[in-house]
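Notes follow once the structure below has been shown.
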Amino acid sequence: MQLTTFTDFGMRSLMYLASSPEKKCSVREIADHYSISRNHLVKVVHKLAQLGYILSTKGKGGGIALAPHSTELKLGDIVQSLEPSMDLVECFDASTNSCKITESCQLKHYLFEANNAFIQTLNKYTLADAVQNKLEIGFKA
């Protein structure tokens, strides 16, 4: 399994903001810190704001900041909200499945179980847990 770049950038952005939840920053600041595409990050930040994970204000004195209580978000829940699909194989989506062995296949059951275990494992941890080493993850003093 590989998470999309969108989810990767979303997780990194949340971690950056969680490293100093009381501060605001710009998209450019996060993009520069991680050496990632600012244009792609703008879309990610927009989604994070829609989900209520971050607060975004425009204009002078604006910027982005972690929404209250976002440090308590479970990592698995964040991943599920950012990933367009958690379908590991095509048979997980009945509307597009064209696999000829779906009816008799046992592998799909094991993959489904593994996928659930992945999310359950991530949900043992919060965003706060992921930023214990704040100095290396985010804002510089």
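The values are calculated or read from the model by the stated rules, or taken from the named source; none is laboratory data. Remember, predicted model here, so these are calculated numbers, not experimental data. No Cβ is skipped: glycine too gets one built from the backbone with ideal geometry, and neighbour counts run over all protein chains shown.
Overview of results
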| read-out | value |
| --- | --- |
| Answer residue from region 84-95, given it is part of a helix (DSSP H, G or I) and either among the β-branched types (Val, Ile, Thr) or touching a helix residue (DSSP H, G or I) at 6+ places or on another chain (Cβ under 9 Å) (or both) and is surrounded by the most Cβ atoms within 10 Å (Cβ to Cβ) among those | Cys91 |
| Residue count, region 100-111 (criterion: exposed (fewer than 13 other Cβ atoms within 10 Å of the Cβ) and either part of a loop (DSSP other than H, G, I, E, B) or not aliphatic (A, V, I, L, M) (or both)) | 7 |
| Evaluation of Leu111 against (1) closer than 30 Å to Asp32 by Cα; (2) modelled with pLDDT of 85 or more (one fails), failing number | (1) |
| Checklist (1) surrounded by 15 or more Cβ atoms within 10 Å (Cβ to Cβ); (2) in contact with a strand residue (DSSP E or B) (Cβ under 9 Å, 6 or more places away or on another chain); (3) in a loop (DSSP other than H, G, I, E, B) applied to Lys124, failing item | (1) |
| Members of region 79-102 that are at pLDDT 85 or above and within 30 Å of Ser13 (Cα to Cα) | Val79, Gln80, Ser81, Leu82, Glu83, Pro84, Ser85 |
| Matching residues, region 1-42, being exposed (fewer than 15 other Cβ atoms within 10 Å of the Cβ), farther than 20 Å from Met86 by Cβ and either within 15 Å of the chain's Cα centre (by Cα) or hydrophobic (A, V, I, L, M, F, W, C) (or both) | His40, Val42 |
| Members of region 17-65 that are among the hydroxyl-bearing types (Ser, Thr, Tyr) and in a loop (DSSP other than H, G, I, E, B) | Ser19, Ser20, Ser26, Ser35, Ser37, Tyr53 |
| Region 127-141, residues that are in a loop (DSSP other than H, G, I, E, B) and either at pLDDT 90 or above or under 9 Å from Ala18 (Cα atoms) (or both) | Val131, Gly138 |
| Selection from region 50-83 of residues that are among the small types (Gly, Ala, Ser), surrounded by 15 or more Cβ atoms within 10 Å (Cβ to Cβ) and in contact (Cβ under 8 Å) with a residue 12 or more places away in the chain | Gly63, Ala65, Ala67, Ser70, Gly76, Ser81 |
